[in-house]
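See below for the structure under consideration.
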Amino acid sequence: MFISYSWLNRHVDLAGVSPHDLARDLTLQTAEVEGVEPFAPALADVIVGHVLSREAHPDADKLGITKVNVGSGEPLQIVCGAPNVGPGQLVAVAVIGTNLPDGNGGTFKIKKSKIRGVESMGMICSERELGLGDEHDGIWVLPFAPDDNGHLIGLPVAAALGATEGHYDWVIEIDNKSLTHRPDLWGHRGIAGEVAAILGRDMRPIATELPAHGDAQSVPVHVESKGCSRYIGIAIDGLKNGKAPEWMRHMLLAAGQRPINLLVDISNFVMLDVAQPNHLFDRTELKADGILVRDAREGETMVTLDGEKRTLSTADMLITSGGEAVALAGVMGGEASKIGESTTQMLLEVATFAPAQIRRTSQRLGLRTDSSGRFEKHLDPTLPMKAAAHLVSLLAELQPGISLPSAPSEGGAWTDPACDVRVRPNRVRAVLGLDAELLPNQRMEDMLTSLGFGVSGADTESWTVRVPSARATKDVGLEEDLIEEIGRSYRYDNIPEQRVLAEIAPVPRDERRNLARRIQDRLSGSSAFDEVMTHSFLEGNLCEKLGIAMEPTIRAINPVAEGYERIRRSVVPSLLGLVPNNLQLRGEAYLYEVGKGYLPEVTQGEFQEPTEIHEVGLVLARSGSVSVSVADFANTSLFLLKGTVEDLLYSLERARPGRAGIPGLVWVKPGEGELIPPFAHRGRCMVAFASDAKGNATGPELAFVSAIEPGVGAALGLAGDSVADVAFASVSIDSLLSAPEKPVLHRPIPRFPGVKVDVAFALGEDTLASDAEAIIVQSGKGLVADVQLFDLYQGEKVAKGMKSMAWHVLLQSDTKTLGDKDLHKFLTRVEGGAKRIGGELRKD
Amino acid sequence: METTLQPELHQHLQDAKARIDAATAAEELRAVERDYIDKGGVVAGLLAAITTLPPEQRRDAGQGANILKGAVLKALGDRKAELEAMAIDAARSGHGFDPSLPGTSIRRGSLHPVTRVTRELEDIFSSMGYDILDGPEVEIDVYNFERLNIPGDHPARDMHDTFWCEVNGAERDSNMGLLLRTHTSCVQVRTMERLQPPFRVVVPGRVFRQETVDASHEHTFHQMEGLVVGEGLTVGHLIGTMKTFLREVFQKEIEVRLRPGYFPFVEPGFELDARCPFCATPGAGCRVCKQTGWVELCPCGMVHPAVLQMSGIDTEKYTGFAFGLGLSRLVMLRYEIDDIRHLMGGDTRFLSQF
Ligand SMILES: [Zn+2]
């Protein structure tokens, strides 16, 4: 909201208080000021000139050549096209070198110029050229009689008009959010009341009573809607619409409101002044039955004064006359009955409408107005009559000929919300953290009184504080609310800091958080992956490419952009979405994210909350094609990622690194019928389980690792020249939490030297490495301390359908140094074992 | 000794010494050793030839051969020691050394900047005895609004730019309305329903606002909520806590100011501003603080009694304070990140810097 400094000064004397001081005080005690800007700053640059003469331009009928006294030096010759310029006027002159607003947020510089051959030494300005509205029919004749104001000639116009800090007026912008709970502050008078309390000054009074009225028949008013608690209609006669006075137009502009005509301007002025929206009807357009406030009928239509045809529902409230809607209650007036230039008789509407109903209507119609914004904050029902009195009194000042032909009509069942709240001074101090020395009772009482609260029982431990109606609708109803009033008057900033004293106790362990931390440390550390955070929204196109567009997801009803409705079930798809761009930029991507996914089909609890899953997703992608040779397995993204995941699970102590023959993890290829993500490679994916003492899978599934489905890779653009080797994995943190811990255990360092031997098998190409390793371990009868696959070969040197695999084997005993005999026995057994799995020991 | 050698042996010795002296590498010495000392070498040949000599010459010949062997071995040993000494000397040279040649690169990983700052804050609050809690990102109306004193038609809902959600287009009861949480404050309610006071908790996490994304706005960003409930807690404790926390984060004394701020779930509610830590002189203004000298750091306040009561907490016995730190903002301040979109952008050129 924009607040004009001069406007505030109408309500409280601001002498000696600069706009910036005011802004700071309001920020610290009332509401956040977002900016302080001079209003019409050009007025500080143009100077008062006295038009001495005007002659016709020899070569242009419409132009005049003026001589203007600007105080110093010779009078300036200025060519001017305005029809209203004439000798004797005091005007605003932009001399050469002055910068004026260009109307588009910039400025332009006045230069010496020749207009149709005549030299012009500056410009006489119109109001529009100075940022004072749309008026451009002629130059702005300053509101000073030249005879008495010779001393003003040559002064900056702002100074001549009575400047504050060099400017005509200042605009203080207040953050609307910080006024959400203060319906009383949506006008200048409300803000002025805060300023008065801060400065300890009195408010200037305004009219609160209507003048006498005639005894003609009042306009009938009937209120049917529950949403209207008060409706006042006041007939006013003898009007002559026209232009509002300069001060009012300028203040409206400063407050961000474009002047229209006197009557509309007065209506707006009163709303921006006392925060009470009001509406003016041309009374001749109303029917004899007067005003009926009723709920709209389903599908009923009306044209609002912005020219839009609105289709309404029974939730909306209408002001009607003769059965026809004349206004959408609290939101906007109707086109037909609006005030025109020729209006002489009007009906002033001042009412109180239900906040929720106005809010719903304005939201549904997408029609937010100054009026609806104020009603939805919960306005004081005692305000309408005061606001009406203020409006009529302002109008009467400007048009003394007006009259009220009849008594005001009123409808609605309102009650005064003013209430009493118990306040205990000790409790106030206890919550604020102040003692009686810093905040004595008397000071508290003064603070409340200056903010308009009434205090009784101030000599007791428990005061009764009267909350005025303007504060009681929504804002103040609890002791805490008054603690706030006292706290902000004291200024929170002045409250001394205190240390929290508390019992010392260990903070409970949060195992999931611990796991997440260990995962991040491992992956970002020795695994050298980059941690990413991606949006919870999954883009529709990506889902199509990944084949998951049909999966059930939670959907945003109002997504940030079309196609971003889906809330992800897993973090992996988001990561895959990052692959193409990162490959293009860096040729590789080692990414992981610890995040959440949502399964809408499984809900839990009282409120049927969707299930939240916690997982870490990993993606390893490298530009270039995937090697088709099985021998290159170790250098594929899939096996690099498998190694990363194994290391991760060991480091998380959910599995223990394997020792000879007992794998740390059991990796299983999902069966044909098992569900895997559509973007996983059915032939190249695997699931990890922890292994028990015998090397069998145990516990929950810990991880899923897969190459990307080739068709999906191509859909992502990772084909042809951009082909890439992409693997991904997911590790369920929920499963990790349910999996038994396998803490790291020390293994003794061997005391006796071992014997190293290489063992090579020729095997059928479908034989698993793990089966062959099992043979090697069994053959050692407890002596095999380590088995490392170091070679895998398939090609011309082995028979078709066969492969060669070779291991470094370490034989070691805890009790003796092994000799050739032990080695020989081992190799004999290995040879037999190889045959059992359909292979043979290679001796070449 | 040499003089006693027969001329033939003497010649051998001369030849060997010449080669040894000329040798500059271990292999050359090894070759000399092979030619003279090893099986099949000169010395072995001489010894083998002894049997063909008349008996009276055998002793001298034998001695001569051994002398030759000893002399060659000694010369080899001396030269070897000499060469090693020379090699060490040579190794001491820094000739041609270029310290500006690049270190050999290794693969390294990175921790997301939001994680880094979150951890730092978690550690600070942990050290002050706070629990670190988590809560769902897909929330329901009750926790995001209603039990935070923001009922259905409350205008404060406007500030939240909520992402509303649905499942299969199905309507849900209004209090069960699905949404993406607009603040971490929902976890305040969840905490109060679960824990008995006194307690101190912080809750880091992502939050969502339906906003157009630009350099300073993201629809997804991070916050850290704090909630402390106990007996006798005051505004002074809130100020003290925030000051302590800021001292720890910035490792210097930071001036703060507290001003009124409106949030329906606190009363009184505040905005906490900190003296911009980036201004050349405190309060002078700079780009980061938009020339105001203050940075808006976190909304906070005393927990509204209605919120405490809705969670079954006795408001005569307990008071509490809550704060909502803008984590993403702190991250941007800390690392001088000028575009918030980097945080959720997943570009490894950005990520790998951390
Ligand atoms: Zn700064």
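Restriction of the GluC sites (Glu not before Pro) in the stretch B:249-309 to DSSP coil positions whose beta-carbon has at most 16 other beta-carbons within 10 angstrom yields B:253, B:255. Residue A:136 sits with roughly 80 Å² accessible to a 1.4 Å probe, with DNA, RNA and ligands left out of the calculation. Per residue of peptide B:195-205, the mean number of Cβ atoms on other chains within 10 Å of the residue Cβ is 1.
The candidates A:681, B:95, arranged from most to least accessible area with a 1.4 Å probe in the full protein assembly, appear as B:95, A:681. Between rounded, prolate and oblate, where does the stretch A:339-405 land on the alpha carbon gyration tensor, with a ≥ b ≥ c its root eigenvalues, rounded for a/c under 1.5, else prolate if a/b exceeds b/c? Here the stretch A:339-405 falls in the prolate category.
Over all other residues within a Cβ to Cβ distance under 12 Å of residue A:50, the charged ones net out to 0, with Lys and Arg as +1 and Asp and Glu as -1. Tell me whether the stretch A:586-639 comes out rounded, prolate or oblate; compute the Cα gyration tensor, take square roots of the eigenvalues as a ≥ b ≥ c, and use a/c under 1.5 as the rounded threshold. The shape class here is prolate. Computed about the Cα centre, the dipole magnitude for the protein assembly as shown is approximately 3600 debye when only Lys and Arg (+1) and Asp and Glu (-1) carry charge, each at its Cβ.
In straight-distance terms, cross-link reach from residue B:17 covers every one of the aspartates and glutamates whose alpha-carbon lies under 20 Å from its own, apart from those fewer than eight places away in the same chain; here that gives B:2, B:8, B:27, B:28, B:33, B:35, B:38, B:78, B:82, B:84.
Ordering A:693, A:403, B:269 by Cα displacement along the dipole of the protein assembly as shown toward the positive end leaves A:693 in first place; charges were set at the Cβ atoms of Lys, Arg (+1) and Asp, Glu (-1). Buried between A and B is an accessible area of approximately 7600 Å², summed over both sides with a 1.4 Å probe. Using alpha-carbon positions, what is the distance between the centroids of the stretch A:675-695 and the stretch A:535-551, in Å? If you average the Cα positions of each part, the centres end up 23 Å apart.
Relative to the dominant Cα principal axis of chain A, helix A:441-450 is inclined by about 60°.
For residue A:262, the solvent-accessible surface with a 1.4 Å probe is about 10 Å², rounded to the nearest 10.
For the segment A:351-359, counting C-beta atoms of other chains within 10 Å of every residue's C-beta and taking the mean gives 2. Sorted largest first by accessible area at a 1.4 angstrom probe radius, with every protein chain in place, the residues A:390, B:342 fall in the order B:342, A:390.
Solvent exposure of chain A, expressed per residue, is 44 Å² of accessible area, with all protein chains present and a 1.4 angstrom probe. Loop-located trypsin sites (Lys or Arg not before Pro) across the stretch B:117-164 with a Cβ neighbour count of 16 or fewer within 10 Å are lacking, with loop assigned by DSSP. Taking GluC sites (Glu not before Pro) across the stretch A:792-844, the ones in a DSSP loop with at most 14 further Cβ atoms lying within 10 angstrom of their Cβ are A:796.
Across the options A:256, A:203, A:217, the greatest Cα extent toward the positive end of the charge dipole of the stretch A:168-296 (unit charges at beta carbon of Lys, Arg, Asp, Glu) belongs to A:256.
Of B:155, B:101, B:72, which is farthest towards the positive pole of chain B's charge dipole, taken about the Cα centre with +1 and -1 on the beta-carbons of Lys, Arg and Asp, Glu respectively? So the residue we want is B:72. Dipole check for the stretch A:477-569: with +1 at the C-beta of Lys and Arg, -1 at the C-beta of Asp and Glu, and the Cα centre as origin, the magnitude is about 680 Debye.
Counting Lys and Arg as +1 and Asp and Glu as -1, what is the net charge of the other residues whose Cβ lies under 15 Å from the Cβ of residue A:345? Neighbourhood net charge equals -1.
Report, in whole Å, the centroid distance computed from the Cα atoms of the stretch A:344-388 and the stretch A:70-120. Here the answer is 46 Å between Cα centres. Placing +1 on the Cβ of every Lys and Arg and -1 on the Cβ of every Asp and Glu, with no other charges, gives the stretch B:2-92 a dipole of roughly 220 debye about its Cα centre.
Taking 12 Å as the straight-line reach from the Cα of residue A:226, the aspartates and glutamates in range (excluding those fewer than 8 positions away in the same chain) are A:295, A:316. Among beta bridges identified by DSSP and lying wholly in the protein assembly as shown, the antiparallel ones come to about 95 percent. The residues A:260, A:749, sorted by heavy-atom accessible surface at 1.4 Å with ligands and nucleic acids left out, run A:749, A:260 from largest to smallest.
The solvent-accessible area of residue A:513, taken with every protein chain present and a 1.4 Å probe, is close to 50 Å².
The distance from the alpha carbon centre of the stretch B:102-138 to that of the stretch A:494-513 is 19 Å, rounded to a whole number.
Any chance you could give the angle, 0 to 90 degrees and rounded to 10, that helix A:188-199 forms with the longest Cα principal axis of chain A? Taking the Cα atoms of chain A, the angle to A:188-199 is about 80 degrees. Convex hull volume of the C-alpha atoms in the protein assembly as shown, normalised per residue: 315 Å³. Local charge for residue A:768 was computed over the other residues whose Cβ lies under 15 Å away, with Lys and Arg +1 and Asp and Glu -1, and equals +1. Taking only the C-alpha atoms of the stretch A:562-651, Rg followed by Dmax gives 16.9, 55 Å.
Report summary: the helix-based calculation at 222 nm, which adds -39500 (n - 2.57) for every DSSP H run with n ≥ 4 and divides by the residues of chain B, gives -12000 deg cm²/dmol. To the nearest 10 degrees, how steeply does helix A:479-490 sit against the main Cα axis of chain A, on a 0 to 90 scale? Computed tilt is about 70 degrees.
In the stretch B:2-92, inverting the average of 1/r over every pair of distinct C-alpha atoms gives 13.9 Å as the Kirkwood radius. Legend: distances between Cα atoms for A:694/A:821; B:252/B:317; A:243/A:386; A:756/A:800; A:545/A:642; A:742/B:243; pairs beyond 32 Å are B:252/B:317; A:742/B:243.
Other protein chain C-beta atoms within 10 Å of residue C-beta, averaged over B:340-353: 5. Highest mean packing comes first when the peptides A:90-99, A:759-768, A:701-710 are listed by Cβ atoms within 10 Å, giving A:701-710, A:90-99, A:759-768.
The values are calculated or read from the model by the stated rules, or taken from the named source; none is laboratory data. Quick caveat: nothing in here was measured; it's all calculated off a predicted structure. Cβ sites come from the backbone with ideal geometry, for glycine too, and all protein chains shown count toward neighbours. Ligands, DNA and RNA are excluded from the accessible area calculation, which covers all protein heavy atoms including side chains. Shrake-Rupley method; radii C 1.70, N 1.55, O 1.52, S 1.80 Å.
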